[in-house]
Amino acid sequence: MNASVLPLTNNTPLCYTKNSPPFNYTMPIASAYYSSIFMMLGITSNLIAFIVLVRSFQRTQSRSRSFFLIFLGGLVFTDLMGLLVTGTIVVSFHVTHFNWRNLDPNCHFCNFMGMSMVFYGLCPLLLGATMAVERFIGINRPFTRASSATKSRTISILLLVWFIAGCIALLPLTGVGAYHLQMPGSWCFLNISSKGNDLVFSLIFSLTGLICIAVSFLLNTISVVTLIKVCCGQDRCQRRRDHEVEMMVQLILIMVIGSSCWCPLLIFIAKTVLSGGPLQVRYLLLWLRFATGNQILDPWVYILFRRAVLKRIYPRLDWSRGSIMTLYPSLRDTVRRFTRSSIASTVASNETEEVGKLNGTPPSTLKPPPPSP
């Protein structure tokens, strides 16, 4: 990779002090083909998912599911807008090869793209953690959640998540960090450096994302364990849990995809600024491609992993009954075997106590009759 950098003066805008156009580079991973393919796949996937979500929201009768669909719709909408905004800029550069300094002499356009990269990057992670909290409360504290959850409050929480991500993205405009033009000249991002405020902002960005992933992993694990206990419990009158299992499966897949796509980039940023070593542009672009994959894979979680789709894939399974136990007959028989023995012993002890009370004899002195020969 070769870059011809114009001589910098004291009047050089901040976003061009690190890299200044024009650039002469040969890097296959930064070609127009990658950017165009990623953008078209992502936009198509998110549009399909958004249409499916709107139809599901109109048909759903479950309050908890409708709240989950609001968060999921916000996630899909955020991914779609992120691809539209950032992808359009990157593809336009590869097609026209415009000069950033001529087009944007005051760094306004570069700052806008940098803020978009940070905002649309943090939103999926923050929303993933928010959905994990919502499912944790819905499964472990259902009565508390039922008394306080409304659609307006759910929308307010979604707007709050966007507001937090926006505040973090605006920090460089207040002097905490800065947005710089990045190699190969097609995008702007935070300045990954171990000096001063750049170090602070880089750590804020990376640690916020890593904390969101850790919170999602912890709360989703607890929710899954609780849901398994409820589905496999002894209560015959338990309410339907299939829709909650479906939501947890989708949420876990979103968490796995987000962790796999974003952890390499977040760890790379934190490691680079803490070690004080030089920025390795090739790895930065590679991990950025991984992070972009999150916006493409997220919508397919809801498109594919729905009961309506699974019914068509596995039509032989009994989907009409109300319990997840119908999907696992061996597990259901095992639970019945253990619960049947425990129920029988409980009934026998209760009958013994009743007989003791009628005869005026303490239950502990009663002995079972000897077996008949």
Check on V95, more than 24 Å from the chain's Cα centre (by Cα), loosely packed, with under 14 Cβ neighbours inside 10 Å and either assigned to a helix (DSSP H, G or I) or at pLDDT below 80 (or both): yes
Among all residue pairs at least 6 apart or on different chains, which show Cβ distances below 6 Å where the first residue, located in the stretch 43-70, is farther than 17 Å from H243 by Cα and the second is acidic (D, E)? N46/D79
Among the residues listed as I257, I267, the single one being at pLDDT 90 or above, in a helix (DSSP H, G or I) and either outside the structural domain of R55 (by TED's automatic domain parsing) or within 27 Å of H180 (Cβ to Cβ) (or both): I267
Of everything in the stretch 33-58 that's surrounded by fewer than 14 Cβ atoms within 10 Å (Cβ to Cβ) and either of a type in the set (K, R) or over 19 Å from P299 (Cβ atoms) (or both), which residue is modelled with the lowest pLDDT? Y33
What number goes with the only condition from (1) buried (at least 21 other Cβ atoms within 10 Å of the Cβ); (2) modelled with pLDDT of 85 or more; (3) within 19 Å of M131 (Cβ to Cβ) that E244 does not pass? (2)
Taking helices (runs of 4 or more DSSP H) that fall entirely within the stretch 99-212, which contain at least 2 residues that are farther than 29 Å from I267 by Cβ, in contact with a Lys or Arg (Cβ under 7 Å, 6 or more places away or on another chain) and aromatic (F, W, Y)? none
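The values are calculated or read from the model by the stated rules, or taken from the named source; none is laboratory data. Quick caveat: nothing in here was measured; it's all calculated off a predicted structure. Cβ: placed from backbone, ideal geometry, glycine included. Neighbour counts: every protein chain shown.
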